[in-house]
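Contents: one structure, followed by commentary.
The numbers here are math on the coordinates, done by the rules we state, and not lab data. Since the structure is predicted, the reported quantities are computational estimates derived from the model, not experimental observations. Here the Cβ positions follow ideal geometry from the backbone for every residue, glycine too, while neighbour counts run over all protein chains shown.
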């Protein structure tokens, strides 16, 4: 039984790790970390866990934690994991970091986009970008996983096959993304109040959103080019879900069947990636509560572009579910163990 | 492995049975019945089931079905199950009827409130009202289960202990209930369109809702009196969830501890009923996606009334989850098998 | 032209006063008060007012304000208006207080339910409870208006005619109310975040909500009895709207026509109160954005109770609209001036 | 007083015309047309109009109508207005057609995208595309107005200044649009049920949406080039609002100030178009219920693209409000008469 510690267990992503691991046959949470709720019963913070979790929230004593658990999930603001990691700790436990601290290989780029100083740059190289469908073998051997961001997960998986196969002009890629409000976190801010979000949609972080370099990096690796693109997220009045609509010009004359074959090449064997039937557009309702990624595409002969679409649950495949998927790989378990729950609808 | 047939598998409750049973270790769905979608792939009707269910929807040939399955769930409009049941079928399979056909013991009362003729009144007596927490032993021995309605499940479980112990004046019981919109079904009606339901709340079926006699019957059995009460449902702009706020005058001078002891007496050993801590009010978000019932109460010394509150997910404990709970009892399985999923939040 | 000052103009109710008065032909806002946003452009706080309001937010200098305006609206937390009012100010301006400070005639009761010390109890007697439909003539002559609470407005107007005519047993009155989330204000609290409110419903303040004594007082005046009742508010995932479902036992044998005649007696000439057609239940969507109150009732011969229902927009008739209605009366204007906007749907 | 007839008054757009005109000082609705609700009281169809509209719904007798009114609004499915218009009718009344029948100058293009035969192609040339900010002078002299579609209104006004001034490469324009659900109409379809739309987002009509040629035509006129672009609409769980996020490559090296000056050149004097302050993104909540269009842009020096954004209320500026704006121009009234209502928030 894998002993698990969670730092940041009282955010939305942290709580989702709890929800998933409560049903995981090979893992047991032994440390519910929460800076804000130390000494409070976890089920007082999240009423859904009443009678399911009896634990009390604890602080983030990394050293003590490293002695008690086999894996640590850090579902914390940027910078925290970077400030805690060191060789001693990594020699004892595996770490799945849900923050951005180890996602960007170029520390200058990280510090520029995030506006913070990285406290453990030596470990960036070692860290594996935990997008399992792409880096599966590296994940299995890793000690430190940089769990991908929610928008990057959906964006990259939607575009990856066509970038990899070189059929789209990478300089034309535009990613227009839409996210449910849980992506904004559980902090008490006026902008995230019910009445402010409900019955509205807006773009935010236009040209400056921090997930941009993460997406660019991964699509650069895939395409073998330096990719610079536009990424525009939008806030949608719903709890969960990310939808990505990505646009790119085609470099070759391709048919539906050609492109379908490319998606199938990469995803046919992937349990969590579902390439939808022709003309079916991904919808976030069909993946809610699950670790699935629904992708599809449509060619526009008028403009010679392809529109690539993807949908995930931002808290599952975009955070907690993917973290558990990484844990499974790290510990040699079946990749979908504890993650087979069908999407919840409606 | 229990072979399962579902008649009405393309309604919201039917689909929820599918979602639950896909993870049930001892059950396998072999018949996806749907009058509206015959010959269509189930996963075309519910995109969440893409790649999880490969089956095609079939009609409701009860005879053929009875030869192929061990249990039939009828998640159909009132009257259908009543028209299909007979001795031959019951000799072969067990039936869990999610409609109201076998819930009311007095056939005249049923026909009056529902406005339809009952086609198999002979089986009403045999049918067991499948509120497991109350009728567990009878359920185990039954062939035909009348799965409780969503509002009745929540209403009865909220009030039952105090009715049973005789500390409330049953002639003063008023039940004010609030339901998410999935309770209205998947039929295409203007009144249930997004823009009609969103940003509004209304009462409906005031003094005439069909769940009234079902609640009255069960609370009559509990209290040993003929109970007549007010039940007022409201439509709330959310997908899932029922909240019940019930009022009654106290017959005795009781303290919080007295009443708490009564709730604990009936529910302490119940896995699915959670009596909340003092002063914590049930909220539907804390039970969503799960089979839990959260209940609590508050005494008002000013008016000498007790306010009893309960929350469920109408599609789980209020329909599909309870149906599976009944199935587990019918087949001698642990009652919560396949139903331990924690509530999904947010 | 009436010169208007608003203290607390950056809350939801304050902003709604602005929205309404921008179209009012006889009023002009000259002071946008806001403790939190002093020196900030009002339209930066509320983007809907961009290019419509050029003013800068100011502090709450009551003395200066009293010299510049004819009427002050205080849309502020409890206690503030009470701390600002004095004879000098009232000799210069009229005040419409949207807080509870002057609603309860018994200062001890106020202090007990609100848990704060009243700083100007001498003015409580003078203040007129501004429920125009009931206290119209007193309002016209007043200097200080206690603008009714949102729940009390809807509750009282739903029950008033039957209480006044003595046909219901006042000791049996139970009021179950449901409110949209703008009623919770614009403060940054976790409990009011989008993801916490969305897809859930809960009761709160059960047996202890501060609007209880306000409702009891007014229904006591109406019925001539000391009324003690249960009032239970619920939080609903929508921006605006209050629905009240009130229950009481009938003291007499009455028909639909009898009760309808009573409602018509009090409301037929009222512009803002709409007694709906037989069997039509009030819905909050039909009053949204307007100052209307939709009321109706249903008699239950089985229980000998009457169910009284009412719907308002909590920010309009429940706050800002009613405040403007009071202003109109105070200044001898047509009562519905600037308030004739039809409800916005959907 | 302008006498108004509405054909299709019981759809969402038709009802919004009613809401607006009830407050219009120079217009009076004398004909509430509705094929579906003939002989029914209008206020039974829309409860918000109770006691505000006493009229009965009538059929669409165009001839009779033409004798009784000065202007007809056709808020009807495509094809209907085209089938009703003729010289005799246009000699008597002005027509504002909210359908697409007269928006596309090339009848073949219309018939191809809409899949229907145009029954009065002779009037297409005469019809004026009623985007008042662009075609104001032509509108004033017209008899037949093609009221712009909701997506085109928002898309065109967001992109128009830069297209007109030639600073963007029109072959790179991509428009990603998001709409509230009222845009889908009031027809009873499963896909538009509350539980299907709520908590989800999806793209639809990808590469094939009928508003594409309308947008292309108008941007072609503006830029003087044949524009072919990608337009992708998305369905958002909210009642009202359209947000457009448009992307294009810059042809010149421009600063924020340069581009701002261009937007100001076209919109500074426009009452209904609000060019937001630097870095403020349009949000649909700030225009809800009003005829305003909020636009802004952001330059991305990394990709050399400009992101143009716009927000409208799809039922107001995207339909009914713009129709009334056209009516005002047709009858020589101030363009914003009856349309000055501030946006409703929250």
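Each other copy holds its own label point for residue B:277; taking that point as 7 Å from Cα along Cα to Cβ, the gaps run 4.4, 5.0, 5.2 nm, nearest first. Helix C:150-164 axis versus longest C-alpha principal axis of chain C: approximately 40°, rounded to the nearest ten.
Size check on region D:151-313: the Cα extents along the three principal axes, sorted descending, read 49, 30, 29 Å. Considering only beta bridges that DSSP places wholly inside chain D, some 45 percent are antiparallel. Once the Cβ-Cβ distance of residue B:304 and residue A:83 is raised to the sixth power relative to R0 = 51 Å, the FRET efficiency obtained is 0.30.
Restricting things to Cα coordinates, could you compute the convex hull volume per residue of region B:109-191 in Å³?
Considering the Cα atoms of region B:109-191, their hull volume per residue is 168 Å³.
Between the helical axis of B:12-21 and the longest alpha-carbon principal axis of chain B there is an angle of about 80 degrees.
Roughly how crowded by other chains is peptide C:280-290, in terms of the mean Cβ count from those chains within 10 Å of each of its Cβ atoms? All intermediate terms of the calculation are to be shown ahead of the outcome.
Working: counts 4, 9, 4, 10, 5, 13, 8, 4, 5, 6, 2.
Average neighbour count from other chains, rounded to a whole number: 6.
Take each residue of peptide B:338-344, count the partner chain Cβ atoms within 10 Å of its Cβ, and average: the result is 6. Taken along its three principal axes, the alpha carbon spread of region D:267-346 comes to 49, 29, 19 Å, from the longest extent down to the shortest. Can you tell me the relative contact order of chain A? Whole percent, Cα pairs under 8 Å, sequence separation 6 or more. Over chain A, the number comes to 17 percent. For region B:2-126, the Cα-based Rg and Dmax, in that order, read 14.8, 46 Å. Averaged over peptide A:46-58, the number of partner chain Cβ atoms lying within 10 Å of each residue's Cβ comes to 5. Would you look at the GNM of chain C, springs on alpha carbons closer than 10 Å, and say which of C:38, C:72, C:228 moves the most? Largest GNM mean-square fluctuation: C:38.
Looking at region C:2-126 only, what percent of DSSP beta bridges run antiparallel? Nearest 5 please. Mind dumping the intermediate values first?
Details: 1 of 15 bridges.
Here the share of antiparallel DSSP bridges comes out near 5 percent.
Taking the Cα centroid of region B:13-55 and of region D:1-67, what is the distance between the two, rounded to the nearest whole Å? Between the Cα centres of region B:13-55 and region D:1-67 lies a distance of 46 Å.
Inverting the mean 1/r over all pairs of different Cα atoms, compute the Kirkwood radius of the protein assembly as shown and quote it in Å. All intermediate terms of the calculation are to be shown ahead of the outcome.
Details: mean 1/r = 0.0303 Å⁻¹.
For the protein assembly as shown, inverting the mean 1/r across all distinct Cα pairs yields 33.0 Å.
Counting only DSSP beta bridges with both residues in the protein assembly as shown, what percent are antiparallel, rounded to the nearest 5? Provide the component values of the computation, followed by the final result.
Values: 106 of 218 bridges.
If I count the DSSP bridges inside the protein assembly as shown, around 50 percent turn out antiparallel.
With distances taken between every two different alpha-carbon atoms, region B:50-198 has a Kirkwood hydrodynamic radius of 17.8 Å.
Distance between the C-alpha centres of region B:281-330 and region D:220-297: 48 Å, rounded to the whole angstrom. Computed over chain D, the convex hull of the alpha-carbon atoms projects to a mean area of 16.9 nm².
From the alpha carbon centroid of region C:110-157 to that of region D:75-105 is 55 Å.
If you average over every viewing direction, what projected area does the convex hull of the Cα atoms of region A:158-248 give, in nm²? It would help to have the intermediate numbers written out before the result.
Details: hull surface 24.1 nm².
That works out to 6.0 nm², a quarter of the Cα hull's surface.
Based on C-alpha pairs under 8 angstrom that are at least 6 apart in sequence, region A:46-192 has a relative contact order of 18 percent. Taking the C-alpha atoms only, the angle from helix B:321-330 to the longest principal axis of chain B is near 80 degrees. Note on residue D:125 and residue A:54: their simple-model spin labels are 8.6 nm apart, each label 7 Å out from Cα toward Cβ. In region D:1-58, Rg over Rh equals 0.92, where Rg is the alpha-carbon radius of gyration and Rh the Kirkwood radius from pairwise Cα distances. Computed over the alpha-carbon atoms, region A:293-340 gives an Rg to Rh ratio of 1.24, Rh here being the Kirkwood radius from the mean inverse distance.
Measuring r between the beta carbons of residue C:256 and residue D:189 and using R0 = 45 Å, the FRET efficiency lands at 0.75.
Divided by 2.2 N^0.38 Å, where N counts the residues, the Cα radius of gyration of region A:44-92 comes to 1.38. Under a Gaussian network description of chain D, with springs only between Cα atoms under 10 Å, the residue in D:252, D:125, D:260 that fluctuates furthest is D:252. Suppose R0 equals 25 Å; then what is the FRET efficiency for residue A:68 and residue A:331 from their Cβ-Cβ distance, rounded to the nearest 0.05? With R0 = 25 Å, the Cβ-Cβ based efficiency is 0.95. Pick from A:204, A:267, A:160: which is most flexible by mean-square fluctuation in a GNM of chain A where alpha carbon atoms under 10 Å apart are linked? Of A:204, A:267, A:160, the Gaussian network model singles out A:204 as fluctuating most.
Summarising the rotation from chain B to chain C, the nearest chain B beta-carbon to the axis and its distance in Å are given as B:176, 2. Normalising the average separation of contacting C-alpha pairs (under 8 angstrom, six or more residues apart) by the number of residues puts the relative contact order of region C:151-313 at 30 percent.
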